[in-house]
Amino acid sequence: MILDKIKKACSFVTNEILAEDEEGKKIVVIDPSALKDSAEPELDLRIIGLFTDVVEDKIADLVHGLLYLDEYNKASKEENRKPIKFYISTYGGSADDMFALYDVMRTISETSEIHTIGLGKVMSAGVLLLAGGTKGKRQIGKNCRVMIHSVMGGNGGSLHNMLNEMEAIEQLQKMYTDCLVAETKMTHKDVKKMLERKVNVYLSAEEAVELGIADIIV
């Protein structure tokens, strides 16, 4: 039965690729090869999901999943290649880990479309991940909340060290702004205006589409 095949795939995920922290927050990757041992018509799924904060160990799992599914696409005939669906619901997190995943998304985009789907909440670091999907294929839930704010950081120590860290944070902010401009309809002026409000800027699904963060409301 088709349902049995899905259960088998999900069981494979739980045993092999699912990452779960002490709070039960999860990274999900569904491996298409787990669905190919039946005479029934194939369910060819290429799905990953981020339902936690953007932190190193979770992003490592997602990078692994993206690279794996991309290799699966590369091994397939071009007409049989399928898009990777990337579900996102996050309050955000580490900018460095966000860039690690974003750069992998960019790297594999030549062979695998990435259809991002924002659900519930897409905030801070999650905004660039949603926007970084294949243009025209980025979806957002009707009731999803999007939030953008300035890069945050904190440090102590000597004055020279604090000044050095401030320069690094400013560079990180510039990188984030440049990437948002590249992936959306926003200009540098638009992003700067948002960030200069010095508060969390919340957007509805409709506003996110207007700004080019997503393409389709679902």
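The values are calculated or read from the model by the stated rules, or taken from the named source; none is laboratory data. Treat the numbers as computed from the prediction; the structure is a model and nothing was measured. Cβ sites come from the backbone with ideal geometry, for glycine too, and all protein chains shown count toward neighbours. Side chains included, ligands, DNA and RNA excluded: accessible areas come from the protein's heavy atoms. Shrake-Rupley method; radii C 1.70, N 1.55, O 1.52, S 1.80 Å.
Within the stretch 71-89, the only residue that satisfies the criterion of being surrounded by fewer than 15 Cβ atoms within 10 Å (Cβ to Cβ) and hydroxyl-bearing (Ser, Thr, Tyr) is Ser76. Evaluated against (1) aliphatic (A, V, I, L, M); (2) within 13 Å of the chain's Cα centre (by Cα); (3) closer than 25 Å to Asp190 by Cβ, Met147 falls short on exactly one condition, (2).
Checked against the criterion of being outside any loop (DSSP other than H, G, I, E, B), at pLDDT 95 or above and open to solvent by 20 Å² or more (accessible area, probe 1.4 Å), the stretch 146-160 contains not a single residue that satisfies it.
Return yes or no: is Gly93 crowded, with 19+ Cβ neighbours inside 10 Å, at pLDDT below 95 and among the small types (Gly, Ala, Ser)? Yes; evaluated as a whole, the condition is true for this residue.
Being modelled with pLDDT of 55 or more and of a type in the set (Ser, Thr, Tyr) is the filter; apply it to the stretch 34-70 and report the residue that is least open to solvent (accessible area, probe 1.4 Å). Applying the filter and picking the extreme gives Thr52. For the stretch 75-89, filtered to residues that are within 21 Å of the chain's Cα centre (by Cα) and among the charged types (D, E, K, R), the residue that is farthest from Arg138 (Cα to Cα) is Arg81.
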